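These notes are about the structure you will find just below.
The values are calculated or read from the model by the stated rules, or taken from the named source; none is laboratory data. All of these numbers come straight from a predicted model, not from anything done at the bench. As a convention, Cβ positions derive from the backbone with ideal geometry for all residues, glycine included, and neighbour counts pool all protein chains shown. SASA here: full protein model, heavy atoms, side chains in, ligands and nucleic acids out. Shrake-Rupley method; radii C 1.70, N 1.55, O 1.52, S 1.80 Å.
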Amino acid sequence: MIDFEFEPHVKAQLKMYHAVAEGLMRPISREYDEREHEKPWQFYETMWAAAQNLGPGAAPEKSSSEKSEKGEKRDGTAKLRNLYTCLSTEELCWGDAGLFLSIPNPGLGGAAVAAAGTPEQKERFLKRFREGKPKWGAMAITEPGCGSDSAAITTMAVRDGDEWVINGTKIFCTAGQMSAEKSEGFVVVWATLDRTAGRAGIKPFVVEHHTSGMTVTRVENKLGIRASDTAMIVFDNCRVPANHLLGSAEVKPTGGFKDVMATFDATRPIVAAMAIGVGRAALDYVRDFLAEQNIPIRYGISPRRLTAVERDFMEMEVQLKAARLLTWRAAWMLDMGMRNSLEASMAKAKAGKAVTLITQKAVELLGPLGYSRKVLVEKWMRDAKINDIFEGTQQINLMIIARRILDYSSKELN
Ligand SMILES: Cc1cc2nc3c(=O)[nH]c(=O)nc-3n(C[C@H](O)[C@H](O)[C@H](O)COP(=O)(O)OP(=O)(O)OC[C@H]3O[C@@H](n4cnc5c(N)ncnc54)[C@H](O)[C@@H]3O)c2cc1C
């Protein structure tokens, strides 16, 4: 039997995340959308302190001894870590997706360490997120000349004695400024050891905060998720110790790029969950608005009798639920140790499209109020679109799905 009921301790945690979203995020949502480059430090301090206790999804991977101390093994939360991360992500993004992305945590940089690092590197680089002051992690793949085609990376890493020397420019790096300049975090930068080797030559490097040669040269002004910093970072003869290359330096025909893909398999369901949180915020707002206006949503009647508003609202609900089920499946497969590349792309593509549709419909159904800055609905419409862009655009994820279903290689279908 398929059972979608969560255990009581999970429900209790989700209630807590919802309280954070409603009580701490919503009240500052508009302020940090308008003051794009200002930082809500008090909120960060609170979230950092809470992350040490909130449980799955809030704090980075713990060591096995810490897990048993917290009883995670007993209650099964460690086993379903990715699924529960998606649940908490949905709750927090119901609060505010930009603020969610700016919460101090290992972020995409941590996901890359987890996917590509050795056990010793995971311990060495992720330990800091369990102690001290708030810290951020970021991942830099995209360059001025390459985004979707990440195999075309031109940033170079050259070995010089006990160090790697990195040269190149990365753009649109989420939490790049916080990781590189404003905390004791790090940026995972993907660079090629050998351009002639194509994808196989691309490797991830951990560049510590304030490393000489790493400079944040621009922070973007954006359409949505404006509370999250998005940085351009230049690497100019930036030297990192040899053991900051994650995994092996060997250039194997099947290696290297596989780690980028493994990172996306873990992060795409989380981005899908972000989208679902924003979509649910818009849907909840419309539901309450219609109820206040005494406009009923009648379920279970013939489709021919539905009003246009009812049909639109039900379509929004259906899209959200379909995206959520795909997302849970992709995350659950990862928790079970199953290969989930197809499902992760399906969840990401569906959720990106669904949230774009839902938030646009919400603005439309609310009329002038939806377009006004008096309420957050127009902001959610702006926040929604990014889910169709980063971690693989809508089109790229659809192409990955087609490749996997039809069994084409990336050379055969691109
Ligand atoms: C707010 C924000 C945060 C980001 N954060 C990060 C981050 O933390 N780290 C990071 O490395 N990057 C990040 N990115 C970059 C993001 O991943 C890229 O923007 C994305 O991968 C698309 O790359 P591109 O911008 O070069 O667009 P392009 O690859 O030039 O694509 C432009 C358009 O063409 C389409 N397209 C491209 N190739 C094909 C194809 N073969 N078939 C069909 N259509 C195609 C795309 O879908 C898109 O619609 C971020 C971007 C934004 C906007």
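At-a-glance table
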read-out	value
Leu357, Leu245, Leu306, ranked by accessible area, largest first (probe 1.4 Å)	Leu357, Leu306, Leu245
Charge context of Ala21, other residues only, Cβ under 12 angstrom, K/R +1, D/E -1	-2
Cα-centre dipole for the stretch 250-403 with unit charges at Cβ (Lys and Arg positive, Asp and Glu negative), debye to 20	280
Sequence-distant residues sharing a close amide H with Thr174 (under 5 Å, placed H)	Met139, Ala231
The stretch 85-214: C-alpha gyration tensor shape, a/c 1.5 cut-off, then a/b vs b/c	prolate
The chain - mean residue ellipticity at 222 nm from DSSP helices (-39,500 (n - 2.57) per run, n ≥ 4, rounded to 500)	-15500 deg cm²/dmol
By accessible area with a 1.4 Å probe, ligands and nucleic acids excluded, highest first: order of Glu412, Glu317, Glu292	Glu292, Glu412, Glu317
Estimated dipole of the chain in Debye, rounded to 20 [Cβ of Lys and Arg +1, of Asp and Glu -1, Cα centre]	620
Accessible surface of His210 - all protein chains present, 1.4 Å probe, nearest 10 Å²	130
Listed pairs Lys15/Lys258; Lys203/Lys411; Lys182/Lys203 exceeding 30 Å between Cα atoms	Lys15/Lys258
Relative contact order (%) - criterion: Cα under 8 Å, at least six apart; region: the chain	16
Whole-Hz couplings from phi, Karplus 6.51/-1.76/1.60, listed for the stretch 31-42; x for Gly and Pro	4, 7, 6, 7, 9, 3, 9, 7, 10, x, 4, 5
Using θ = phi - 60° and Karplus 6.51 cos²θ - 1.76 cosθ + 1.60, couplings along the stretch 213-226 (whole Hz; Gly, Pro as x)	x, 10, 10, 7, 9, 7, 10, 5, 9, 10, 5, x, 5, 6
The stretch 241-328: relative contact order as a whole-number percent, Cα under 8 Å and 6+ apart	41
Pairwise label distance in nanometres, Glu120 with His210, each label 7 Å out on the Cα-Cβ vector	2.7
Projected label distance in nm at Lys321 and Ile295, using a 7 Å step from Cα toward the beta-carbon	2.1
Dipole moment magnitude, nearest 20 debye, the stretch 131-269 about Cα centre, only Lys, Arg, Asp, Glu C-beta charged	340
Heavy-atom accessible area order for Asp162, Asp284, Asp33, largest first, 1.4 Å probe	Asp162, Asp284, Asp33
FRET E, pair Leu369, Ser410, Förster distance 56 Å, beta-carbon r, rounded to 0.05	0.75
Charge dipole of the chain about the Cα centre (unit charges at C-beta), most positive-ward option of Leu193, Pro368, Ala51	Pro368
